[in-house]
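A.B. asks: Okay, here's the structure, questions in a sec.
The numbers here are math on the coordinates, done by the rules we state, and not lab data. Because the structure is a prediction, the values reported are computed rather than measured. Positions of Cβ are backbone-derived with ideal geometry, glycine not excepted, and every protein chain shown enters the neighbour counts.
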Amino acid sequence: MAARQRVVLILGGKGTPHYKTNSRRYFAALWRDYRIVFNVTSFRDTLERDFEKATVWIGEWVMKQPIALPTSQIEMELTV
């Protein structure tokens with residue numbers, strides 16, 4: 001649940017064009033970074049002792065390299 005809330009917050013809400021076009025990339029990046037940071041192959045492999053730390057980490061996560069948007073998409077978002 002925390003991951004979903006974080007991505008929705010970063011992308012400005014579930015109904016935004018940015019969310020609709022980029023949420024899959026952001027979720028993939030979040031879970032990729034999670035697996036690296038916590039040295040697990042799945043979030044289900046997170047150790048119990050790391051659960052609280054993992055929840056905090058997700059709440060503070062930001063994408064290292066934001067997605068470059070095509071000019072047409074930027075113009076569309078500016079008009080919304």
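A.B. asks: Which FRET efficiency value, to the nearest 0.05, do you get for LYS20 and THR41 by plugging their Cβ-Cβ distance into 1/(1 + (r/R0)^6) with R0 = 41 Å? List each step's numbers first, then the result.
C.D. replies: Values: r = 29 Å, r/R0 = 0.71.
With a Förster radius of 41 Å, E is 0.90.
A.B. asks: Sort 39-49, 25-35 by packing, meaning the average of other beta carbons within 10 Å per residue, with the highest value first.
C.D. replies: 25-35, 39-49
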